[in-house]
Amino acid sequence: MAILYITQQGATLHKSGNRVIVKKNRETLTEIPIVQLDEVVIFGNGHITTQTMGYLLNKNIPVSFLSSHGKYKGKLQPPYAKDTLIRQNQYAVAAEPPRCLEFAKGFVHGKITNAIQFSQRQRTQNAEIKSAIDTMRQTVQKLERAKNLESLLGYEGTAAAAHYRAYRQFLTHDWGFTTRQFRPPPDPVNAMLSLGYTLLHNHVYAFTNVVGLDPYCGYFHQPKHGHAALASDLMEEFRQIIVDGYVLSLVNNNRVKPEDFEQTNKGIRFTKDALDRFLTGYYGRMQQTFQHPTRNEKTTYLRSIELQVRHFARVIIGEDPEYKPFRRHL
């Protein structure tokens, strides 16, 4: 299966038979059979015909719209799954603060333990990294003490700061990266992380809809207008595994260079050619196969996200006893 990224400004997505075709000025840029298509992501000033919109909706294929900088703008989404039981149970849990906190601790625990493992597996090890790992370990031990979401958010923030402190040490070229900043991204590393997290959030959002969950009803990230809080919750444990590792490999293997970025009034962003390469590599990473940590099967990163969302839904309706965060040996 495939994700179709449309990055060429002014390009239009058309339907032709059982294929979708991207054209610009009558020139065909790419085409793909509909049976191979999972999702369409349009960057900036891309277009899609009304006929194609209806066709993709009928085939349950979502279309996401991002700015040319990679900021999420909105989504053309097929209907919810028809079973309302999952959403009823999801809302019931949201009305019970102790259960919300229990789930939130699971999300944060998964995120921090994956961050610890990420740091431990890197070749570079120095006092700064060891200090950051110690901070994250101590934070994990404190999670059960959290009496409310506010205190849990504080622990999560402490661990995230430690993770990015270590992350800087792993970069062979930091290009001005000191810590995580995203509004706007001030350097190439932050720009890549921001785009990667946007794409990851988009995948989780899509799977919550497929499963029948409400992506806007979260437990750790509190609901606010326009924010898909549950998608933000469920993506936490995948950040280091998918995005941070990918960006690190691009930098340390010299697959991106300073000239691949440009300064705009909205921060640093990729040039057009570099964006295409980033997206191609990101899609390749999402299709990498590995042994699933709790299932006796080979899977991909993309499939593992779906499996985790389905696990969460089963916990919500009582089919699985407790939520277990996704963890993978990196």
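Counting only strands (runs of 3 or more DSSP E) wholly contained in the stretch 250-298, the ones carrying 1 or more residues that are under 21 Å from the mean Cα position of the chain (by Cα) and on the phi < 0 side of the Ramachandran plot occupy 267-270, 289-291. Selection of the stretch 86-101 for residues being touching a helix residue (DSSP H, G or I) at 6+ places or on another chain (Cβ under 9 Å) and closer than 20 Å to residue 142 by Cβ yields 97, 100, 101. Scanning the stretch 212-246 for residues that are crowded, with 23+ Cβ neighbours inside 10 Å and over 13 Å from the mean Cα position of the chain (by Cα) returns 213, 215, 218, 219, 220.
Regarding the stretch 15-22, can at least one residue be identified that is modelled with pLDDT under 90, among the small types (Gly, Ala, Ser), under 17 Å from residue 279 (Cβ atoms) and in the same structural domain as residue 68 (by TED's automatic domain parsing)? No: zero hits.
Being farther than 30 Å from residue 97 by Cα and touching a strand residue (DSSP E or B) at 6+ places or on another chain (Cβ under 6 Å), is that true of even one residue in the stretch 191-214? Yes; the residues of the stretch 191-214 include at least one that is farther than 30 Å from residue 97 by Cα and touching a strand residue (DSSP E or B) at 6+ places or on another chain (Cβ under 6 Å). A residue that is at pLDDT below 85, among the basic types (Lys, Arg) and outside the structural domain of residue 208 (by TED's automatic domain parsing) occurs nowhere in the stretch 57-66.
Scan 303, 285, 239, 327 and give me the residue that is modelled with pLDDT under 90, under 26 Å from residue 168 (Cβ atoms), of a type in the set (D, E, K, R) and out of contact with any Cys (no Cβ under 6 Å at 6 or more places or on another chain).
327
The values are calculated or read from the model by the stated rules, or taken from the named source; none is laboratory data. Computed from a predicted structure; not experimentally measured. Reconstructed Cβ throughout: ideal geometry from the backbone, glycine too, with neighbour counts over all protein chains shown.
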